[in-house]
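Following: one structure in structure tokens, then a few remarks.
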Amino acid sequence: MKFVFTDKKVNVPNYFHHYAEKKVGKLERFFKEDATASLTFGVEKDRNVVEMTIRSSGTIFRVSESSSDMHASIDAAVASLERQIRKNKTRLEKRLRQGAFERSVDASEEVFSLVPDAPEEGEYQIVRTKSFPMKPMTRDEAILQMNLLGHSFFAFRDEESDGSFAVVYRRNDGNYGIIEDA
């Protein structure tokens, strides 16, 4: 597994990087050799924040944890990620057997939430633009990817509708909905 460390608004000593590498390295058994772990360390409102993103053959896992201690934040992020994997173990194994992990996403491209910040009254201002690859996938794969990212919606190309654009979203009642191209 490859590691990429980023310090945001703080200079984190190298022993935190080594500690994180050791802890995240225990999760290597879940991923193929091409996996990349990006860890961002930061401080927000007197709390130590660790954001972890792991990419493995087209699947993205993302967690963010904060606490008063950086070691505790790292431990909590690793525990959260392991919970995510175990919670979705059957679905992930099913995708592995179907070859869904073989699809690749360019490591330089990110999948981000597209929800804009609240605009000023009367005027809309686009402050950030993101582009990301939209690969064809089933609706179940899109729901799984949305849950792994922790987002409330996910845009994708629907295999069941010949690759047309679709958005799956989490409803307030806990179920899922889909918005399709007509």
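The values are calculated or read from the model by the stated rules, or taken from the named source; none is laboratory data. Remember, predicted model here, so these are calculated numbers, not experimental data. Ideal geometry is used to build each Cβ from the backbone, glycine not excepted, and the neighbour counts take in all protein chains shown. With ligands, DNA and RNA removed, areas are computed over all heavy atoms of the protein, side chains included. Shrake-Rupley method; radii C 1.70, N 1.55, O 1.52, S 1.80 Å.
Determine which member of the set E51, E28 is modelled with pLDDT under 90, open to solvent by 50 Å² or more (accessible area, probe 1.4 Å) and at negative phi.
Just one listed residue meets the conditions, E28.
Confirm whether M70 is farther than 27 Å from A142 by Cα, open to solvent by less than 30 Å² (accessible area, probe 1.4 Å), hydrophobic (A, V, I, L, M, F, W, C) and touching a residue at least 12 places away in the same chain (Cβ under 8 Å).
yes
List every residue pair whose Cβ atoms sit under 6 Å apart, with the two residues 6 or more apart in sequence or on different chains, where the first one lies in segment 4-18 and is within 16 Å of M52 (Cβ to Cβ) and in contact (Cβ under 8 Å) with a residue 24 or more places away in the chain and the second, anywhere, is open to solvent by less than 70 Å² (accessible area, probe 1.4 Å) and in a helix (DSSP H, G or I).
Between residues of segment 4-18 that are within 16 Å of M52 (Cβ to Cβ) and in contact (Cβ under 8 Å) with a residue 24 or more places away in the chain and residues that are open to solvent by less than 70 Å² (accessible area, probe 1.4 Å) and in a helix (DSSP H, G or I), the close pairs are F5/H17; F16/M70.
For residues in segment 122-159 being in contact (Cβ under 8 Å) with a residue 40 or more places away in the chain and charged (D, E, K, R), which is least open to solvent (accessible area, probe 1.4 Å)?
Only one residue tops the list, namely E141.
Taking segment 166-182 as the search range and keeping residues that are assigned to a strand (DSSP E or B), out of contact with any helix residue (DSSP H, G or I) (no Cβ under 6 Å at 6 or more places or on another chain) and at pLDDT 90 or above, which one is nearest to R86 (Cα to Cα)?
Looking at the filtered set, the residue picked out is R170.
Can you name the residue in segment 1-22 that is surrounded by fewer than 17 Cβ atoms within 10 Å (Cβ to Cβ) and part of a helix (DSSP H, G or I) and, of all such residues, is nearest to the chain's Cα centre (by Cα)?
E21
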